[in-house]
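Below is one structure, written out as structure tokens; the observations come after it.
The values are calculated or read from the model by the stated rules, or taken from the named source; none is laboratory data. Predicted, not measured: the structure shown is a model, and the values here were computed from it. Methodologically, a virtual Cβ is constructed for each residue, glycine included, from the backbone with ideal geometry; neighbour enumeration extends over all protein chains shown. Accessible surface is based on the protein model in full, side chains and every heavy atom, while ligands, DNA and RNA are left aside. Shrake-Rupley method; radii C 1.70, N 1.55, O 1.52, S 1.80 Å.
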Amino acid sequence: MADPNKNPARGAGKKAAARERIAAKRAAEAAARAAEQRRRRTVLGGAVAAAVVVIAVVVAIVVQTSRTSTDADAARPDGTSAGGNGYTFTVGQADAPVTVDLYEDFQCPNCKDFEDAAGSTLEQLAEAGTVQIVYHGMAFLDSSQNDDYSTRALNAAAVVASSAGSDAYETFHDLLYANQPDERTGSGLTDDQLVAYAEQAGATGEDVAADIRDLVYGEWVKGAEDQASKDGVTGTPTVLVDGTKLTDLSAAGLTAAVQAASS
Amino acid sequence: MSSDLVRPWLATAARLLLGGVLVVAGALKLPDPAEAVRAVRAYRLLPEAVVGPVAFGLPVLEILVGLALLVGVFVRTAAVAAAVLMVVFLAGVSSAWARGLQIDCGCFGGGGEVAAGQTAYPWEVVRDTALLLVALALARWPHSRLALSNRLEPVHG
């Protein structure tokens, strides 16, 4: 047998092996190219996706900001008190030693509970010259079922105050809580009922009915809601006695807090 | 063996759950931007100038991350983003809870004011923690069935 290294067949095998090596190398290069291409596509896709995210967020911020900006020319009620950015109505003597801030929604059942329990006590304290009551209206319980009653009620209250003053606001406020429709099953008071209570509270001006029906202070109601949010109020009723949140919402709790604040 | 068959389907389920929740949660915050602003403000964590952009931008982020998960593109990135969102939400809700604020998380629209005693912090924390774990698992094992990226970029092996 000849030297295997000189075997021509063996030489052919060598060539084949070389070809295989070259093919493998080419395949590896092709795979690397494909991987590079994939990587580029991923980077490109990621960049496009990131751009889409940024653009969508910016567009949303611009659109939603314009949707929430309130009309500066919107009607504002007369008779609001100082210090509430035009969203509060105050009753009681100016030299009263204690200030009680009330944040309420006319549709809120817990507010009615508070009014039933301590409302008359609070008003007696105001009449006695001990407290000044600052009413902050809120409107966040609008629904299709109650035909946006929270907004309609607060608008009507502003109409009453604007035409007949803060004391009429208080009377109207008491009437609405005494006749509060059920939050879950009620359909809100009708505009006719609101007009009737406004009249009962002393708002008899000729524009009162129209202003109630036309939601003339609708934009102002939105502003009032935002103001309460900016004041840090997140629940109703929120009762502040000289700025301190009242936790015991009973008549006794209110009286005790007012006494502590005035002494 | 069987886990190799099951795991991609679990990842698909995770994608649909997480993506669905995020898209719904984001979409519900868009119709009433004023409410969204109040919901963010109610946490009392951000300066007033930042409240608006966060209230308007966050829902869009939720929707986009959710959509990526639903259709199955950039799944790992989206899962990480979802996990980050959940951590942010958990931090917000926990801090509101710890500070005794009476707010609704506003997670699915709404938010801000609630009547006394109507907070739901424990449930909100449990839900967000569960979603965080799902997002982390998906970030670890993002390969799933019925993903658009599988068609664009077949994964072998």
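Just a few scattered comments:
- The requirement of being of a type outside the set (Val, Ile, Thr), within 26 Å of the chain's Cα centre (by Cα) and either under 19 Å from A:Gly253 (Cα atoms) or open to solvent by 10 Å² or more (accessible area, probe 1.4 Å) (or both) is not satisfied by A:Leu176.
- Count of residues meeting criterion [open to solvent by 20 Å² or more (accessible area, probe 1.4 Å), within 24 Å of the chain's Cα centre (by Cα) and within 19 Å of A:Asp211 (Cα to Cα)] in region A:179-192: 0
- Residues satisfying the stated conditions in region A:206-218, i.e. open to solvent by 60 Å² or more (accessible area, probe 1.4 Å) and either part of a helix (DSSP H, G or I) or farther than 15 Å from A:Val195 by Cβ (or both): A:Arg213
- The set of residues in region A:161-196 that are charged (D, E, K, R) and not in a helix (DSSP H, G or I) comprises A:Asp182, A:Glu183, A:Arg184.
- Residue list for region A:44-64, restricted to those being more than 21 Å from B:Pro33 (Cα to Cα) and surrounded by 11 or more Cβ atoms within 10 Å (Cβ to Cβ): A:Gly45, A:Gly46, A:Ala49, A:Ala50, A:Val52
- Scan of region B:72-106 for residues that are out of contact with any Ser or Thr (no Cβ under 8 Å at 6 or more places or on another chain), within 17 Å of B:Ala139 (Cβ to Cβ) and open to solvent by 60 Å² or more (accessible area, probe 1.4 Å), ordered by number: B:Arg76, B:Thr77, B:Val80, B:Val84, B:Val87, B:Val88
- Take the conditions (1) open to solvent by less than 10 Å² (accessible area, probe 1.4 Å); (2) in contact with a Leu (Cβ under 9 Å, 6 or more places away or on another chain); (3) farther than 30 Å from A:Ala256 by Cβ; A:Ala158 misses just one of them, which is (2).
- Unique residue being aliphatic (A, V, I, L, M) and open to solvent by less than 40 Å² (accessible area, probe 1.4 Å) when the list is A:Ala203, A:Ala252, A:Ala196: A:Ala203
- Evaluation of A:Val221 against (1) touching an Asp or Glu at 6+ places or on another chain (Cβ under 6 Å); (2) part of a helix (DSSP H, G or I) (one fails), failing number: (1)
- Matching entry among A:Gly253, A:Gly218, A:Gly223, A:Gly235 (being touching a strand residue (DSSP E or B) at 6+ places or on another chain (Cβ under 7 Å) and within 14 Å of chain B (Cβ to nearest Cβ)): A:Gly235
- Among residues of region A:70-98 that are under 18 Å from A:His136 (Cα atoms), those with a Cβ under 6 angstrom from a residue that is basic (Lys, Arg), sequence gap 6+ or separate chain, pair up as A:Gly86/A:Arg76.
- Single residue of region A:70-89 satisfying the filter (more than 10 Å from chain B (Cβ to nearest Cβ) and open to solvent by 70 Å² or more (accessible area, probe 1.4 Å)) that is farthest from B:Asp32 (Cα to Cα): A:Ala82
- Close pairs (9 angstrom Cβ cut-off, 6 or more residues apart or separate chains): farther than 20 Å from B:Cys107 by Cα in region B:131-144, loosely packed, with under 15 Cβ neighbours inside 10 Å and hydrophobic (A, V, I, L, M, F, W, C) anywhere: B:His143/B:Val155; B:Ser144/B:Trp9; B:Ser144/B:Ala13
- Members of region B:51-71 found to be over 15 Å from B:Pro31 (Cα atoms), within 8 Å of another protein chain (Cβ to nearest Cβ) and within 12 Å of the chain's Cα centre (by Cα), listed by number: B:Leu61, B:Leu64
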